[in-house]
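The values are calculated or read from the model by the stated rules, or taken from the named source; none is laboratory data. Everything quoted here is computed from the prediction, not taken from an experiment. Cβ coordinates were reconstructed from backbone atoms using ideal geometry, including for glycine residues, and neighbour counts include every protein chain displayed. Areas reflect the complete protein model, heavy atoms only, side chains present, ligands, DNA and RNA absent. Shrake-Rupley method; radii C 1.70, N 1.55, O 1.52, S 1.80 Å.
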Amino acid sequence: MKNHSTLTWFILLLIILFITFNHSHARQTESISNSPRIEHFLNKIYQWRSLQTQENQLKLATPVVVAGVLCFIAASISSAGGIGGGGLFIPILTIVAGVDLKTASSLSAFMVTGGSVANVMCNLRGTNPKFGGKTLIDFDIALLSEPCMLLGVSIGVICNLVFPEWLITMLFATFLAWSTSKTCKNGVLHWKMESEELNRNGCETVENGLDQSEGIKATKEPLLGVKGDCKLRFPWMKMGVLVLIWFSFFTLYLLRGNRQGQGMIQIEPCGAGYWIISSFQIPLALIFTAWILCKKESVQHQASNHEDENQDPIRDGPSNKLMFPKMALLAGILGGVFGIGGGMLISPLLLHVGIAPEVTAATCSFMVFFSSTMSAFQYVLLGMENTEAALIFAIICFAASFLGMLVVQRAIHEYGRSSLIVFSVSIVMALSTILMTTFGAVDVWRNYVSGKYMGFKLPC
């Protein structure tokens, strides 16, 4: 009896072990089969994107049209804040149109150029009585920032080659999330200040009655007289210096070429000559910045009693004067690392230090014009493909930016809300954070699943 009961328990134990083994084996088989399903799903996505790339680069297709419409909307929103919008163009082109990242970057350079041309045209023609009848572009900030921004872009590109993708994605998400929150806070602060000013002006209008309208006419008359002198006060010398800076860096880029040795002169690909020519950008940026600071200091000394001196954002003192080159260098490095324009990064910094939103948008668009045109020319001289598509997208962004500028300027003039510029910057930055971070996370996950090397790399 005991033997029978023992045999019965032994048989039951075998049955339990058999069922458990089959269940665990089924779970393992299911888990193993799920992993290839995920990888198979990602492969299907990438195969679809590569198929779209082969088709869309040869003929016009529906995804390209949809991407053009989305880029039109993105350019119209970005133009209000004076930023390039590369953080929106690249995800739209890669996800919707299905082009590869390299092609999307080259197309984005032309699109940002087209939008910045429209912005600069509008800002150079328009003046603002709030700022003494002068153009909204602050040429002093642009002069101090442009050399270090171009230097920072070159440093950032090298860091982009060295850093792993997961680190770039984390840095991008962290910095843009911080910048977006700061920009939103600045926008809310400007909105409250504008509301208080509008309420105060409304109370004064009620108290003064019709006399207030006469006072407004009286204040407008001298400003209209100043408008005729705006062309005479156009800073041609500063514009010439900016063009000289652009041409100097562009000449270095042509001499250096790319890492494959494609340039004006034959040098070893990524050899000693490549790095020697690249290193000349450091003294070039320092020389231009020091020269501009000396000229600015001498002009301020000669016009120390000028009535507009208190409106100059560049105060006396070396720390404040070096603030803009430092911000430009940081924005250029981050822009080069993330593969986007520096306008999206320097605009929140200018707003954070107290520059007016109108001046920030106009100045950033002016600086983006120089950096984006340099990138576009480099792509053309190094044998870029799909130039026709790039020109079409550039024209689309030009029209969208021009339309966006007109709508925003009219809204600001009608409602007196320059904080709309700040909120437009916040929207573009938030969308860029979501799209670029998601797209980067998908690439990082695919590299992890495929077993690719995810550590730091050599620049060559």
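Taken along the Cα-to-beta-carbon direction at a fixed 7 Å, the label points for residue 125 and residue 380 span 2.3 nm. Taking each residue as 0.36 nm, the span from residue 460 to residue 167 lengthens on full extension beyond its C-alpha to C-alpha distance by 103.6 nm. For the peptides 397-406, 364-373, 429-438, the ranking by mean Cβ contacts within 10 Å, running from highest to lowest, is 364-373, 397-406, 429-438.
May I ask you to work out the translational diffusion coefficient for region 62-193 at 10 °C, viscosity 1.306 mPa s, via Stokes-Einstein with Rh from the Kirkwood sum over Cα pairs, reported in whole µm²/s? Result for D is 91 µm²/s.
Peptides 442-451, 102-111, 143-152 ordered by packing proxy, namely the average of other Cβ atoms within 10 Å per residue, highest first: 143-152, 102-111, 442-451. Dipole orientation for region 314-460: of the candidates 387, 458, 412, 458 has the Cα lying most toward the positive pole (charges on Cβ; Lys, Arg +1; Asp, Glu -1). Pairwise Cα separations in region 318-460 fall into 5 Å bins from 0 onward with the following percentages, short to long: 2, 7, 12, 17, 18, 17, 13, 8, 4, 2, 1, 0. Length gained on full extension, residue 238 to residue 453, computed as 0.36 nm times the residue gap minus the Cα-Cα distance: 72.6 nm.
Within the assembled protein chains, the solvent-accessible surface assigned to residue 70 is about 70 Å², based on a 1.4 Å probe.
So if we plug the beta-carbon distance of residue 254 and residue 192 into 1/(1 + (r/R0)^6) with R0 = 51 Å, what FRET efficiency do we get, rounded to 0.05? The formula returns an efficiency of 0.55 here.
Between residue 414 and residue 182, the modelled labels are 3.3 nm apart [label points 7 Å from Cα along Cα→Cβ]. Length gained on full extension, residue 442 to residue 102, computed as 0.36 nm times the residue gap minus the Cα-Cα distance: 120.7 nm. The packing ranking, built from the mean of other Cβ atoms within 10 Å per residue, places the peptides 81-90, 156-165, 267-276 in the order 81-90, 156-165, 267-276, highest first.
Distance between the 7 Å Cα→Cβ label points at residue 407 and residue 326: 3.9 nm.
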